[in-house]
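S.K.: To start, I am sharing the structure in question, which I have written as structure tokens.
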Amino acid sequence: MSLSFCEGCLDKQRKIDQLLEENRRLKDHLRYRKEKEKEGFFGSSTPSAQRPVKANSEPEQQAKQGGARKGHPGHGRRSIDEANASRVVDVELGPICPQCGDTLEDKGLRRRSVLEIPPPRPEPILYRLRKKYCPRCQKAFQAQAPAVLPKALFGNQLSARIVCLHYLHGMPLGRICDQMGLSLASVIQMLHRLAGLFRPVVPLLIEQYRQALVRHADETSWRTDGHGGYAWLYCTAELSIFLFRATRSAAVPREVLGDQPLAGVLVVDRYNGYNRVPCKLQYCYAHLLREVEELGKQFPDNTEVTAFMATLIPLLASAMHLRTQPISDSQYYEQTAQVQKQIVSVSEQPAQHLAIRHIQDIFRDHPDRLYHWVYDRNIPADNNRCERELRPTVIARKVSFGSQSEEGAKTREILMSVLHTLKKRHPHPEERLKWILDQLAVDIKQDPFPLLFPNDSS
């Protein structure tokens, strides 16, 4: 005998089953909550769970109050009273209610203090220069405007600010002029004039560069007057020399380094333009590291390439980082000798892959240009210093598309060389530059080099 049910009865039974299951889950959840309330949040072993609650305490009183203790002075923002405010601004409301149109009644004032800076607008100053005459000498004299170069439109503080914003911090001249309400033509004229004052400084920096024992050099593309060219950087820990030239030939390194043999080394990439410089070369391991890492992108599935990379990459990284580690000189030279030995071993291992053999050939063909860092801790195994200093020039190239004229390029190389060297030798280059301009304002014929770098003048 078979039992049959209508669809309506089956649907009712399914709903009843669902309600019974939901009721069971709710009872289990309620039982769990009651057990937790007895134990406390952190369990029955936590002393605070057993702490009695005062009968007359409110929930707000039971909770721990945030913030500092009562009477504590605190470290937040302090209100400014009217006596200490540089400016008091009354902000008024209209007389009519914006909702209903009725007349508003005055209810006093609410004070709100803020900190703000004035817009970077130059202050127009009129100097009245006293003129006097000596009847005995029969000569006329006139007072000189303080902190202003002769015949200059801008004061020295403004000139120093513009030069540093543009050549140190990379702000475009157009943006500077817009923010300060200045004429672009007047600003460019001021920059050209300052470059003329500091022009004698660059040859003296080149002479110091030649005398250094550790030098760096690098270059990047740069356009001048719409034509392709290069921005060159020659630097040490103490100075920076920028050159903007139409060519990438070896003539530019010779212009800086000369033809006479020099002591020390020049840290560079493997560009052929440096091959005939009159000093020893140290090839940059950062470039080598990037080339080895590129093999993994080109041949990701090749087991020989993968094994080669896994062996050589840690060695190249160690070569670059050992000199900055907190170890003694004896430990340094012991470890560098081991790293060199392992690099030589990797370069001499038989290899089938052509890309691996290409990297090996670099180490086998140029041992005299790859291991100076092993024997002298002062010599880095990479050219990162020069690359970091050249990076703002790359950004300036993207923003300004290069120099608009040959004169602009010359002005840039002079002022960038002066300012970036000044930044390395003085903690506040803008203040120092302003002081130097003040000194030149007194006597425009002074030699600017001892003013810029007094410890280097003889």
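Each reported figure results from applying straightforward, stated rules to the coordinates on display, with no laboratory input. What you see is a predicted model; the values in this text were computed from it and never measured. We place every Cβ from the backbone using ideal geometry, glycine too, and count neighbours over all the protein chains shown.
S.K.: Would you order Thr220, Thr247 from fewest to most other beta-carbon atoms within 10 Å of each residue's own beta-carbon?
M.R.: Ascending number of Cβ neighbours within 10 Å: Thr247, Thr220.
S.K.: Just the Cα atoms of the stretch 103-178: what Rg and Dmax do they give in Å?
M.R.: Radius of gyration, then largest Cα-Cα span, for the stretch 103-178: 23.0, 78 Å.
S.K.: From the residues Val88, Ala246, Leu262, which one has its Cα farthest along the dipole of the chain in the positive direction, the dipole being from +1 and -1 charges on Cβ of Lys/Arg and Asp/Glu about the Cα centre?
M.R.: Val88
S.K.: Could you work out [θ]222 nm for the chain from helices alone, using -39500 (n - 2.57) per DSSP H run of at least four and dividing by all its residues? Round to the nearest 500 deg cm²/dmol.
M.R.: -15000 deg cm²/dmol
S.K.: Here's a follow-up. Work out the length of the dipole vector of the stretch 176-258 about its Cα centre, built from +1 on the beta-carbon of each Lys and Arg and -1 on the beta-carbon of each Asp and Glu, and round it to the nearest 20 debye.
M.R.: For this selection, approximately 200 debye.
S.K.: How big is D, in µm² s⁻¹, for the chain by Stokes-Einstein at 25 °C and 0.890 mPa s if Rh is the Kirkwood radius over C-alpha pairs?
M.R.: The estimated diffusion coefficient comes to 80 µm²/s.
S.K.: So how do Ser186, Ser318 line up by other beta-carbon neighbours within 10 Å, fewest first?
M.R.: Final ranking by Cβ density, sparse to dense: Ser186, Ser318.
S.K.: Looking at the chain only, what percent of DSSP beta bridges run antiparallel? Nearest 5 please.
M.R.: That works out to approximately 70 percent antiparallel.
S.K.: Rounding to the nearest 10 and keeping the result within 0 to 90°, find how far the Cα-based axis of helix 384-400 lies from the longest principal axis of the chain.
M.R.: On a 0 to 90 degree scale, this one is about 90.
S.K.: Take the Cα atoms of the stretch 208-300, build their convex hull, and give its volume per residue in Å³.
M.R.: Normalising the Cα hull of the stretch 208-300 by residue number yields 113 Å³.
S.K.: Counting Lys and Arg as +1 and Asp and Glu as -1, what is the net charge of the other residues whose Cβ lies under 12 Å from the Cβ of His216?
M.R.: Net charge around His216: -4.
S.K.: Before anything else, pin down the relative contact order of the chain: Cα pairs under 8 Å, at least 6 apart, normalised by residue count, whole percent.
M.R.: 17
S.K.: Once both axes come from the Cα atoms, what is the angle between helix 354-365 and the longest principal axis of the chain, in degrees from 0 to 90, rounded to 10?
M.R.: Helix 354-365 sits at roughly 40 degrees to that axis.
S.K.: In degrees, nearest 10, range 0 to 90: what is the angle between the Cα axis of helix 156-167 and the longest Cα principal axis of the chain?
M.R.: 70
S.K.: Largest first and in whole Å, what are the equivalent-ellipsoid semi-axes of the stretch 198-243 based on the Cα gyration tensor, each being the root of 5 times an eigenvalue?
M.R.: 23, 14, 6
S.K.: For the stretch 363-458, compute the orientation-averaged projected area of the C-alpha convex hull (one quarter of its surface), in nm².
M.R.: 10.5
S.K.: Right, something else. With +1 on each Lys and Arg Cβ and -1 on each Asp and Glu Cβ, and nothing else charged, work out how big the dipole of the stretch 285-375 is about its Cα centre, in Debye to the nearest 20.
M.R.: For the stretch 285-375, the charge dipole is close to 100 debye.
S.K.: A further question follows. Given contacts defined as C-alpha pairs under 8 Å and at least six residues apart, what's the relative contact order of the stretch 285-375, whole-number percent?
M.R.: With pairs under 8 Å counted, the relative contact order is 28 percent.
S.K.: I've got another one for you. Find the Rg to Rh ratio for the stretch 85-218, where Rh is the Kirkwood radius over alpha-carbon pairs and Rg uses the same atoms.
M.R.: Reported Rg/Rh, Kirkwood definition of Rh: 1.24.
S.K.: Also, quick follow-up: For the stretch 285-375, would you read off the P(r) tail past 19 Å as a percentage of all alpha carbon pairs?
M.R.: 39
S.K.: Continuing with this model, one more query. I need Ile206, Ile313 ordered by Cβ neighbour count within 10 Å, fewest first.
M.R.: If I rank by nearby Cβ atoms, fewest first, I get Ile313, Ile206.
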